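To start, the structure itself, in structure tokens.
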Amino acid sequence: MKFSLEWLKHHLDTTASAQEIADKLTAIGLEVEDVANPAEALAPFRVAKVLTADKHPQADKLQVLTVDAGEGAVQIVCGAPNARAGMLGVFGPPGAYIPGSDLMLKVAAIRGVESRGMMCSSRELELGDDHSGIIELPEDAPVGTPFTQYAGLDDPVFDVNVTPNRQDAMGVRGIARDLAAAGLGALRPLAEPQIEGNFPCPVPITIEDPDGCPAFFGRAVMGVKNGPSPDWMQRRLKTAGQRPISALVDITNYVMIDHGRPAHAYDIAKLSGGLTARAAKPGEKVLALNEKEYSLEPFMTVIADDKQVHDIGGIMGGEDSGVSDATTDVMLEVAYFTPERIARTGRALALSSDARSRFERGVDPAFLDEGLAILTGLIVDICGGEPSAAIRAGEPPVDERSITFDFGRTKALGGIDVPEQRQREILESLGFELNGNQVTIATWRRDVEGPADLVEEIARITGYDLVPSTPLDRAPGVAKPTATRSQMIERRVRRTAAARGIDEAVTWSFISDREAEIFGRGDWKLANPISEEMKVMRPSLLPGLIAAARRNTDRGAGSVRLFEVGRRYLGDCEHPTLGLLLAGDRETRSWQSGTAQAFDAFDAKAEVLALLEAAGAPIANLQVFPDAGPTWHPGRSAKLGLGPKTIVAAFGELHPGLASSLDAPAGAVAAEIYLDAIPASRSSGHPRSAYSPPPLQAVTRDFAFIVPANLPSDNLLRAIRGADKAAITAARLFDRFESGDGLSLAFEVTLQPVENSFTDEEIGALSAKIVAAAEKLGARLRS
């Protein structure tokens, strides 16, 4: 939210500087993102007098002027039709930057005549849209004075980041109230005009959707003249980032920013009958003020007459009933729309507005009459006209809420010692009413619900920097470890993945409905998502990693290695998981390897095994189960588990349909490690015994088997290891060969003697056990 220092001082009586105000705002929880002074850009420009104006010798539409900006006569060439001798205007010397033209002035010859500066128009200085001629100043304007000083443009502008819970700070007066409570001035009394209606309102109002619009107040103003708004109002609106349009539109925008109270004005001549706040009907459409047409849904609240919809309630008015220069009679709307309905409608229509940002936070429900009076008073003062009597439909949801507050809680909960009298002063200055220990909550503070909120108010106004740094009590001796087993596993796999050259990613925990459907539906959906693309709590980490990989490859990354440690949100609970995605080239092309080598499923498997080992999983006991599921490639993926019921990981290529739907990088392979499925170690907790290498040398033997084509190599490998668990310490597959005899798998088996070296007979007996174990699976020793 933006506003100027001059605007703030309309509500706050203070002598504080802009920097002091910015520092205090940030200190009390209203973060100031920027303080800018538009006058700094216009500092070189001066009030100047045109001494002479002669026709240009080489151009009919140009004049050669002699101007005095306080430092002697200067010659310039000017094409403005209103330039004449004796007038006063705004002069820009060489070296000045013209913001409206994006031009840096310099000494130049224009059609053969030297020009040493420029007389400027309003549009060139971004002070308005007028470009019909140069700015004309009154005759008493002091020549040589900086223009910003003369015009009062030296007015710093604050840009405040208002958090969603501070709906009261969405108006300049609310911010002034906070500053006054913090001791940076005094809040000026609110000038509420007393409007006496001279006749009954000619436009009736009704409510048919009290859930969306509990209260609708209004009145007509007849005989208005809609021209430009006053300079002071335009200047304030410009500092807030608003473009002045007309007096009626500017006044509604001004009241919204000044008091956080959105309002709307309808051209009565464009209405058919009365106005009704109702739910939209199926198939209804409205042409909004942004010149876009929106299709409405039955859950949306609209303002309509007898003929059509004229307003998306609380978000944006309609083009068909908007005011114009020809408007003479207006109907004013000051209503209360429920925040939940506004938020849902805005998301569904993908429509943002200043009104929406205030209504969905929750405007003050008790400020309807005051807001209508202020709005009417400004219109009558600026545009003239006669106001009707106010009419009201419905009741705003003003519930008197009170809290029994123990002032000692500020010290106990906030850690800051504030005298009770000062606590009372702070709460009263913020608009709370106190009766003993009973605190009545201000109607504009929807966010305050309990004693802890009152402690927060006192602490932020007093200053969080005054909260003392108090270390926690610590027991003597060596600190005991506090990390849980789950946290330790996450640390180990995170460090191991980084050490293996994989980059960590942090992606959103929310995905779209479409993505959730691909991964078997999401069990948890948000009631108030940031957008439709972040509506479902993710059942898998892969959608975020795929999107991250795609962004990197789209920007020219040739090899992408990403991992993320996060949570999957399934029906029972959330599950800690490590997601992994490899895309692009595993090895770039070179004179040694030739063409680039892409990642495959075995690369993902290697990473999974390394990470599982780091997590403490018994990888020697893991079994491979083909086909990891419907989101994986049916022939190029697998699961790893300690049996079919304890699956600890899945890896492989993505299903082609999934890869196409999510636009995954071509050839991407991925994996998920289910960290909570890794069983706890059975160790007693005692330090492991010292390493003792075997005293005798191990023996290796190679075995080649002809195996059935459908026999998984992992099953055969496990059978070989189990042939003699005492003597066989290792076994690995080192060759795969297909011939006319069938599929051949060759294994290297390590035999470790303990007390005595193996004899030939003992090695033969062990070999026989290995062959027998293989034959039980349908394998036979290759001759």
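The values are calculated or read from the model by the stated rules, or taken from the named source; none is laboratory data. Here the structure is a predicted model, which is why all the values come from computation and not from measurement. Heads up, the Cβs are rebuilt from the backbone with ideal geometry, glycines too, and the neighbour counts pull from every protein chain shown. Protein only, heavy atoms only, side chains kept; ligands, DNA and RNA dropped before computing areas. Shrake-Rupley method; radii C 1.70, N 1.55, O 1.52, S 1.80 Å.
Observations
- Using a probe radius of 1.4 angstrom, the carbon and sulfur fraction of the accessible surface of region 468-510 is 56%.
- Gyration tensor verdict on region 95-151 (Cα atoms; rounded if a/c is under 1.5, prolate if a/b is larger than b/c, oblate otherwise): prolate
- Evaluating 6.51 cos²θ - 1.76 cosθ + 1.60 at θ = phi - 60° for every residue in region 551-559, the Karplus couplings come out as 4, 6, 5, 5, 9, x, 5, x, 9 Hz, glycine and proline recorded as x.
- Magnitude of the charge dipole, the chain, Cβ model with Lys/Arg +1 and Asp/Glu -1, debye to 20: 2860 debye
- Approximate spin-label separation K281-R474, in nm, with each point projected 7 Å along Cα-to-Cβ: 7.3 nm
- For a straight C-alpha distance cut-off of 24 angstrom, the lysines reachable from K281 (same-chain residues fewer than eight places away being disregarded) are K270, K292, K307.
- Descending by average beta-carbon neighbour count within 10 Å, the peptides 707-715, 768-776, 44-52 line up as 44-52, 768-776, 707-715, the highest first.
- Figure legend: label point modelled 7 angstrom from the Cα of D702 along Cα→Cβ; residues of region 710-749 with amide N under 17 Å from it are 731-739, 744-749.
- When the trypsin sites (Lys or Arg not before Pro) in region 251-311 are filtered for DSSP coil states and for at most 15 other beta-carbon atoms within 10 Å of their beta-carbon, the remaining sites are K292, K307.
- Cα shape, region 719-780, gyration tensor, a/c 1.5 rule: prolate
- As a calculated quantity, the FRET efficiency between K55 and K225 at R0 = 41 Å, using C-beta atoms, amounts to about 0.50.
- Estimated at the nearest 10 Å², the accessible area of F734 is 90 Å² with a 1.4 Å probe.
- Rounded FRET efficiency, nearest 0.05, which uses the C-beta distance separating E532 from D306 and R0 of 30 Å: 0.30
- As a length-normalised measure over Cα pairs under 8 Å and 6 or more apart, the relative contact order of the chain settles at 8 percent.
- Computed from the C-beta positions of A690 and E761 and an R0 of 41 Å, the FRET efficiency is 0.75 to the nearest 0.05.
- Whole-number accessible area per residue in Å² for region 667-748, which is evaluated in the context of all protein chains at 1.4 Å: 62 Å²
- Alpha-carbon centroid distance for the pair region 548-567 / region 630-696, whole angstrom: 20 Å
- Full-extension gain in nm, V380 to R485, via 0.36 nm per residue minus C-alpha separation: 30.7 nm
- Estimated 222 nm signal from helices in the chain, with DSSP H stretches of n ≥ 4 weighted -39500 (n - 2.57), rounded to 500: -7500 deg cm²/dmol
- Model label sites at N165 and L103, defined 7 Å from Cα along the beta-carbon direction, differ in position by 5.2 nm.
- Where region 164-206 is the region considered: accessible area per residue in Å², 1.4 Å probe: 46 Å²
- Heavy-atom accessible surface of region 88-167: percent carbon and sulfur, 1.4 Å: 48 percent
- Centroid-to-centroid separation of region 1-73 and region 448-522 [C-alpha atoms, Å]: 46 Å
- Entry comment: accessible area of region 540-617 is 45 Å² per residue, from protein heavy atoms only and a probe of 1.4 Å.
- Distance in nm between pseudo-label sites at A620 and N437 (7 Å out along the Cβ direction from Cα): 6.7 nm
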